[in-house]
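Undergrad: Below are the structure tokens for one structure; questions will follow.
The values are calculated or read from the model by the stated rules, or taken from the named source; none is laboratory data. None of the values given here were measured: they were computed from a predicted structure. Quick reminder, even Gly has a Cβ in these numbers, built from the backbone with ideal geometry, and neighbours come from all protein chains shown.
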């Protein structure tokens, strides 16, 4: 953890980088892939995709794609979207008692219109008192730590943001993740890390910083500049899941299980080759989880293609790779396309214009 870092997940976390909850991406197959790059002995938090609290009470958690989990997954902190106590209470109780959650994260950062129209997500940032009440209603219905992920809001007003987070703290939030972009920015422009520092200096709960982390150096810089307790990585982790390994290497952790005696990829060519290996591994995991009953090959392929579409901008000629995976009609054909493409040296870029 960073110097003077505050404990997260009741002090169980000892690693300063975590994955962001991402719709369509943070599913069980991808979590399994990223865990394989987690350094030995490292403990971090693991999110789900955004889960709607109005649906969770009636869903089969074992056959809903967004709530699928592996039996050996630990330190899961599912993210819920909601603003009413009854569905929130039913949701968190099921996630805690049936599903194995070890924390609950409330989404107050989703900027999509559907969430805004229902007063979900970042819409809650327009009413600090009601947002605090959403935290209270969640806390009183679970024994787990409750966190909040939020944006800079519509206002981009630092004074308002600080007061807003103080109210969440008073309502019982155990930690807050701040992605300092406004709703209107979505993923454009630059994240204002100074907001993270300002918040970190005035609240007692841990603060996780999120935004513009694309390489290991960015994670260390974010923590150094802002003093935040952890760095959260979004879309760049789809391209560079070994970023956890790179960070751990610099912190003195042992290599991930199964990679003993090896060093993390470092050069553009090494990362390009590792990206190919990671995609081949993810393809197998995706087929195993989503490519068969009760799901379908079509669902599995759509999830894999979306991952490639998201991650390929960090690869030179990534557009060609995406086109090849789109043309392939079966998992076998996709695997052949990957083998053919990565049979030649491929180079990763450090950073792209795609913001996190």
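Undergrad: Considering only segment 262-294, state which residues are modelled with pLDDT under 95 and either surrounded by fewer than 21 Cβ atoms within 10 Å (Cβ to Cβ) or at positive phi (or both). Don't jump to the end; show me each part of the working.
TA: Within segment 262-294, the first condition is being modelled with pLDDT under 95, and the residues that meet it are 291-294.
Scanning segment 262-294 gives 292, 293, 294.
Undergrad: Continuing with this model, one more query. Surrounded by fewer than 23 Cβ atoms within 10 Å (Cβ to Cβ), over 14 Å from the mean Cα position of the chain (by Cα), closer than 16 Å to residue 149 by Cβ and assigned by TED's automatic domain parsing to the domain that holds residue 104: does that describe residue 189?
TA: Details: surrounded by fewer than 23 Cβ atoms within 10 Å (Cβ to Cβ): yes; over 14 Å from the mean Cα position of the chain (by Cα): yes; closer than 16 Å to residue 149 by Cβ: no; assigned by TED's automatic domain parsing to the domain that holds residue 104: yes.
The answer is no for residue 189.
Undergrad: Now for a different question. Which members of segment 236-253 meet the condition of being within 11 Å of the chain's Cα centre (by Cα) and surrounded by fewer than 22 Cβ atoms within 10 Å (Cβ to Cβ)?
TA: none
Undergrad: How many of the residues in segment 313-345 are outside any helix (DSSP H, G or I) and closer than 16 Å to residue 300 by Cα?
TA: 3
Undergrad: Based on this model, can you work out whether residue 56 counts as within 30 Å of residue 291 (Cα to Cα) and buried (at least 22 other Cβ atoms within 10 Å of the Cβ)?
TA: yes
Undergrad: Among the listed residues 61, 76, which satisfies the condition of being within 30 Å of residue 14 (Cβ to Cβ), touching a helix residue (DSSP H, G or I) at 6+ places or on another chain (Cβ under 6 Å), assigned by TED's automatic domain parsing to the domain that holds residue 174 and surrounded by fewer than 21 Cβ atoms within 10 Å (Cβ to Cβ)?
TA: Working: 76 fails: touching a helix residue (DSSP H, G or I) at 6+ places or on another chain (Cβ under 6 Å).
It is 61.
Undergrad: Conditions: (1) surrounded by 19 or more Cβ atoms within 10 Å (Cβ to Cβ); (2) in contact with a strand residue (DSSP E or B) (Cβ under 7 Å, 6 or more places away or on another chain); (3) in a loop (DSSP other than H, G, I, E, B). Residue 51 meets all but one. Number of the miss?
TA: Only one criterion in (1) surrounded by 19 or more Cβ atoms within 10 Å (Cβ to Cβ); (2) in contact with a strand residue (DSSP E or B) (Cβ under 7 Å, 6 or more places away or on another chain); (3) in a loop (DSSP other than H, G, I, E, B) is unmet by residue 51, namely (3).
Undergrad: Determine whether segment 297-312 contains at least one residue that is more than 22 Å from the chain's Cα centre (by Cα) and either assigned to a loop (DSSP other than H, G, I, E, B) or crowded, with 20+ Cβ neighbours inside 10 Å (or both).
TA: no
Undergrad: Under the condition of being part of a strand (DSSP E or B) and either more than 21 Å from residue 99 (Cβ to Cβ) or out of contact with any helix residue (DSSP H, G or I) (no Cβ under 7 Å at 6 or more places or on another chain) (or both), which residue from segment 133-156 is modelled with the lowest pLDDT?
TA: Restricting to residues being part of a strand (DSSP E or B) and either more than 21 Å from residue 99 (Cβ to Cβ) or out of contact with any helix residue (DSSP H, G or I) (no Cβ under 7 Å at 6 or more places or on another chain) (or both), the top hit is 153.
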